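Below is one structure, written out as structure tokens; comments come after it.
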Amino acid sequence: MASTQAAAASEQAPTKNPTLLAWVAKMAAMTQPDRIVWCDGSEAEKQRLTEQAVKDGTLIPLNPQKRPGCYLHRSNPNDVARVEHLTFICTPNKTDAGPTNNWMEPEAAYTKLSQLFEGCMKGRTMYVVPYAMGPLGGASTKIGVELTDSDYVVLNMRIMTRMGKAALDMLGDSDDFNRGLHSTGDVNPDRRYICHFPQDNTIWSFGSGYGGNVLLGKKCLALRIGSYLGREEGWLAEHMLILGVTSPKGETTYIAAAFPSACGKTNFAMMIPPKEYAGWKIETVGDDIAWMRPGPDGRLYAINPEAGYFGVVPGTNYKTNPNAMETISKDTLFTNVALTPDGDVWWEGKDGEVPEELIDWQGKPWKKGSTEKAAHPNSRFTAPMSNNPVLSAKANDPQGVPISAIIFGGRRSNTVPLVLQAFNWTHGVFLGATMGSETTAAATGKVGVVRRDPMAMLPFCGYHMGDYLQHWLDMQKSIPQLPKIFQVNWFRQDKNGKFIWPGYGENMRVLEWIVNRVQGRVPTQETLLGWVPRQDQGLNLKGLDMSEEAVQEATSIKEDEWKSELKSQEVFFEQLGTKAPEALMLQRKLLIARLDG
Ligand code: OXD
Ligand code: MN
């Protein structure tokens, strides 16, 4: 694009912010779009972009009687998940990125990606998407601007963030905004890079259209860059849901919980308690990301920086998550699910009969009984959080909510018991740091292998993991009223490979114990690993369809399993080298001594 066009574009720009205008012009000069469109976030803009996306085949309208305002998008089959091996942290020193991130030297990365971005928007539109992560006007809220050549990205960003004029107004003339550049390019996995430059507050993403790689506010800004900023500024950016649980007496406790991708954060955040819990209520503040900072009253306050949900579709049904089913009943974008003959969507695990015939996620005819999945295992919905019947009013509160408990949960078929409470903050950080989880379809690669995933942040920590863990330890000095820390595992299996714990709504029983512990209401039992529910005054099992032996099995601690677990943890700590925090190494020694003693 000629520089005269860039000048013309800045004349039409709805801002006079000199830094923003100069940066947009510079990026446009490199990518050379035919036109630049500044997004205002209006309904008219949504309609215009949607019509255009339908016309160019990016979106398929669904049956308006069955799914009003909903569309289906099919991605390139080579572009269906986050690509951790193509995701880079580009800090000046390799050590700053640490051993768990891919690293590129910043200048080398800018040069390499500039070659890909050079002229890549010829014949295309560059959309300028100003967005806020967090409630507008909040002290914790951050502004980003994403430049993208994808109308699908704009429509998703519209749901996932507070986007358009309001964000631009909040930015004003400040130069404090994240600079995000994205092009779908030719969707070639050999030319796909997701690069983060924390010291420049910049993200460059090329060659993908998949949410986690391209909705730059989410994983890239809210977690990778966010975690880096959090360390500099004294707060925490975490891969955590936030929920409020209200007892029949009207007492609300806010809890943040970290689980790796596709391990049920959305389900947990929207859970409906079982019938034995009449009068209890769960409300969602966030389903994926928490930004937490100490508040003036000494408690830790959390906001959800997002405005929508980008959730895993398969397995969602009226039993596992009725509130999600309501949430995705309208105004939702579906990606890579199957299409029914009557214009609705279908996925494995949906309620009701399996249809005889479908069009699968790749647009091919599919017949019942096929060995192929009709919906991709990482197919997704993008839905506004305002659709959620149990959305907490606090989700839009710029102050956030005071967190009383933090939960770390992995997907483990063995070893980790149903629930335990850490002895103290340092021990809790040790539990989070040593989390392991079996991999899922949310990222490209083998599914079902255990990997260490500290705080569920392995793919999302924007700096050295050892420094990150030290930051967690240091935070206790600035939070006089520390939340209590817990570890859970809903995924333990019996010898036949069946999940022992029923999960979903029944997780309320574990949640109630956590609330009771936080409020100091129930006694507990000490074990080698932490505090667990007592058999007499522990978990409420009334009405639970589970044998006593199965409950025993779900909560048991097997010392031999813990000995091999400790070995696998050792490999992880060795990787951190001298940056493995001393306090965590001491926790490790104490645990070894307890197990050997
Ligand atoms: C997500 C993920 O999309 O964690 O939230 O992959
Ligand atoms: Mn996630």
| remark: Of the conditions (1) touching a residue at least 60 places away in the same chain (Cβ under 8 Å); (2) surrounded by 22 or more Cβ atoms within 10 Å (Cβ to Cβ); (3) closer than 23 Å to Gly311 by Cα; (4) of a type outside the set (Lys, Arg), the single one that Cys195 does not satisfy is (3)
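Within region 467-476, can one find any residue that is away from ligand 1 (no atom under 16 Å from the Cβ) and more than 30 Å from Glu105 (Cα to Cα)? I'd like the intermediate steps shown before the answer.
First pass over region 467-476, keeping only residues away from ligand 1 (no atom under 16 Å from the Cβ): 467-476.
If we keep only those that are more than 30 Å from Glu105 (Cα to Cα) as well, we get 476.
Yes - at least one qualifying residue is present in region 467-476.
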| Only one of (1) free of Cβ contacts under 8 Å to residues at least 40 places away in the same chain; (2) at positive phi is not met by Gly343, so which one is it? | (1)
| Selection count, region 35-85, where residues are within 16 Å of ligand 1 (Cβ to nearest atom), in contact with a strand residue (DSSP E or B) (Cβ under 6 Å, 6 or more places away or on another chain) and not in a loop (DSSP other than H, G, I, E, B) | 3
| Does region 454-473 contain at least one residue that is away from ligand 2 (no atom under 16 Å from the Cβ), closer than 30 Å to Asn540 by Cα, surrounded by 17 or more Cβ atoms within 10 Å (Cβ to Cβ) and of a type in the set (Phe, Trp, Tyr)? | no
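Considering only region 268-290, state which residues are more than 15 Å from ligand 1 (Cβ to nearest atom) and either crowded, with 24+ Cβ neighbours inside 10 Å or not aromatic (Phe, Trp, Tyr) (or both). I'd like the intermediate steps shown before the answer.
The first filter runs over region 268-290 and keeps only residues more than 15 Å from ligand 1 (Cβ to nearest atom), leaving 271-283, 285.
Matches in region 268-290: Met271, Ile272, Pro273, Pro274, Lys275, Glu276, Ala278, Gly279, Lys281, Ile282, Glu283, Val285.
From the set of residues in region 194-238 that are in contact with a helix residue (DSSP H, G or I) (Cβ under 7 Å, 6 or more places away or on another chain) and part of a loop (DSSP other than H, G, I, E, B), which is nearest to ligand 2 (Cβ to nearest atom)?
Filtering region 194-238 for residues in contact with a helix residue (DSSP H, G or I) (Cβ under 7 Å, 6 or more places away or on another chain) gives 194-198, 201, 203-209, 211-212, 214-215, 217-219, 225, 227-228, 231, 234, 236-238.
Among the residues that remain, those that are also part of a loop (DSSP other than H, G, I, E, B) are: 201, 207-209, 215, 234.
Working: Asn201: 21, Gly207: 21, Ser208: 16, Gly209: 18, Leu215: 11, Gly234: 24 Å.
Among those residues, the one meeting the criterion is Leu215.
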| Hits in region 239-248 (condition: assigned to a strand (DSSP E or B) and within 16 Å of ligand 2 (Cβ to nearest atom)) | Met240, Leu241, Ile242, Leu243
| request: Out of Asp288, Asp190, Asp173, report the one residue that is in a loop (DSSP other than H, G, I, E, B) and outside the structural domain of Tyr504 (by TED's automatic domain parsing). | output: Asp173
| request: Answer yes if at least one residue in region 249-267 is of a type in the set (A, V, I, L, M), at pLDDT below 95 and within 16 Å of ligand 2 (Cβ to nearest atom), and no otherwise. | output: yes
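Residue check: is Gln587 at pLDDT 95 or above and surrounded by 14 or more Cβ atoms within 10 Å (Cβ to Cβ)?
Details: at pLDDT 95 or above: yes; surrounded by 14 or more Cβ atoms within 10 Å (Cβ to Cβ): yes.
The answer is yes for Gln587.
Has region 308-319 got at least one residue that is of a type in the set (Lys, Arg), under 23 Å from Trp501 (Cα atoms) and crowded, with 19+ Cβ neighbours inside 10 Å? If you could, list the steps in order and put the result at the bottom.
Step one: of region 308-319, the residues of a type in the set (Lys, Arg) are 319.
Keeping just the survivors that are under 23 Å from Trp501 (Cα atoms) gives 319.
Add one more test, that the residue is crowded, with 19+ Cβ neighbours inside 10 Å, and what stays is none.
No, every residue in region 308-319 fails to be of a type in the set (Lys, Arg), under 23 Å from Trp501 (Cα atoms) and crowded, with 19+ Cβ neighbours inside 10 Å.
The values are calculated or read from the model by the stated rules, or taken from the named source; none is laboratory data. Given the structure is predicted, the values throughout are model-derived calculations rather than measurements. FYI the Cβ positions are ideal-geometry reconstructions off the backbone, even for glycines, and counts take in every protein chain you see.
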